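See structure below.
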Amino acid sequence: MDAPTTTSGENGISGGGDWFTPRKAQPAPPLDADQETPQSPHPADPLSQSPMAASAPPRVPDQRAAPPVEEGSQDAILIRRTMTEIGPVADKVTSYFYALLFIRRPDLRAMFPPAMDTQRDRLVKALLTAAEHLDNTPVLVDYLQNLGRGHRKYGTHAEHYPVVGECLIGALSKYAATIWNPETEAAWVRAYTTLSQVMIDAAATDELRSPAWWQAEIVTHDLRTRDVAILTVRPDQPYPFLAGQYTSVETPWWPRVWRHYSFASAPRSDGLLTFHVKALPAGWVSNALVHRARPGDVIRLGPPIGSMTVDHTTDSGLLCLGGGTGIAPIKALVEDVAVRGAQRPVEVFYGARTDHDLYEIDTMLRLQQSNPWLSVRAVIDQQARLRLPDALRDYGPWNEYDAYLSGPPGMIRSSVDTLRNIGVPSSRIWHDEVEELLVIGN
């Protein structure tokens, strides 16, 4: 059977197939997310093509405000309308979806965590992301491939996707009933059929080269503050990743509950991995890792994720902002540059609320001493009454630097705004997806 194809055309990413019937997973090459097919032009105004147009009397302008023009393919417009309609009742939609799913396939309940709150949030996020990028094939395919690879650790198989699609349509049609029609349903069927196939194919390809998860033994557990621990773990088999990426972690105390953590070091010759974990209020996984885990305990790791990595084909400077435990991937990026022997300037701003929260400042200053191209500045909110993004205005200029941001979602949003305002192009600003960070570290 041929490998799947993506076409842009009118519908952006599109594909055929019967009602939610995925093809058998094939060990085919993944879709090339770097190849963008030009979009079809919007059809011309039919009135301008009419033979009567030339002789028709001029139209009187409507004095009422015209509704905003919706951009994108017809399928994308219909899907976004659906998401807008269900927005106020998104929690009810997801609850109904899972109720349908567990009624039709009660055997699937064991694949999900006992508490479903975060799982519901992730479903809505996935739908919103797909709706936002439906016409942007490269971005959407890359997102879906990561999603498909990541779903392997939950035990997801190709045969699960059809019933998920049917239950999703059932929930959407119930709560978007005022706008639901055959055209909208057809748009969702086309979209889901193709999106799920991308995930299936990505999982099948990934299965040929890596496990669904890795077992990792905790080697050291260093409690740096009352609620921050640095963990070093040893995977049971080689774990390839890049500095700046992150992974998902499951503990033996909360089965089926996965949370994301960034790698706090560049790849090491001994294969060990390091994570910085802050125990959050009501954070199941984070509290277990900080207060309960000990050397000898075994956790599970999902595949590496994330594109906040250094482009080593250039020698441009790096501007790195790390807030709280967000210093972890920043440290990894600095180590990555050091290992390469590059002499490119790297400016690190390390933000914290108090002196006590700068738990990794000694390590960063040691890196500065041994690498003359590195500059480390601590920004402490309580002392200077200055937020980390605002400190950027006192230094620079930064328009020739690649910016890397890691920390709380609010810090990232304000830092991105600040960088744009002082002339840093958006194409040179890198960070983990803000919505994903809402559940990182719980």
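The values are calculated or read from the model by the stated rules, or taken from the named source; none is laboratory data. Source: prediction; values computed, not measured. In this analysis, Cβ positions are derived from the backbone assuming ideal geometry, glycine residues included, and neighbour counts consider all displayed protein chains. All accessible areas refer to the heavy atoms of the entire protein, side chains included, with ligands and DNA or RNA removed. Shrake-Rupley method; radii C 1.70, N 1.55, O 1.52, S 1.80 Å.
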Original post:
Quick one: how many Å² of residue 331 are accessible to a 1.4 Å probe, rounded to 10?
Top reply: 20 Å²
**OP:** Measure off, as a whole percent, the carbon and sulfur share of the 1.4 Å-probe accessible area of region 225-287, all protein chains present.
**Re:** 56 percent
**OP:** Any chance you could get the radius of gyration and Dmax over the Cα atoms of region 287-342, in Å?
**Re:** 15.3, 43
Original post:
In square angstrom, what is the accessible area per residue of region 356-426 with a 1.4 angstrom probe?
Top reply: 54 Å²
**OP:** Using a 1.4 angstrom probe on heavy atoms only, work out the carbon and sulfur share of the accessible area of region 91-217 in %.
**Re:** 57 percent
**OP:** Mind running the shape call on region 152-294? Use the C-alpha gyration tensor, a ≥ b ≥ c as the square roots of the eigenvalues: rounded below 1.5 for a/c, prolate if a/b tops b/c, oblate otherwise.
**Re:** prolate
**OP:** About the Cα centre of region 226-357, how large is the charge dipole given +1 on each Lys and Arg Cβ and -1 on each Asp and Glu Cβ? Please answer in debye to the nearest 20.
**Re:** 420 debye
**OP:** Could you tell me which of 172, 157, 137 has its Cα farthest along the dipole of region 106-182 towards the positive end, charges placed at Cβ (Lys, Arg +1; Asp, Glu -1), taken about the Cα centre?
**Re:** 157
Original post:
Can you pick out the pairs among 153/174; 278/331; 125/331 whose Cα atoms lie more than 26 Å from each other?
Top reply: 153/174; 125/331
Original post:
On average, how much accessible surface per residue is there in region 163-271, in Å², for a 1.4 Å probe, leaving out ligands, DNA and RNA?
Top reply: 41 Å²
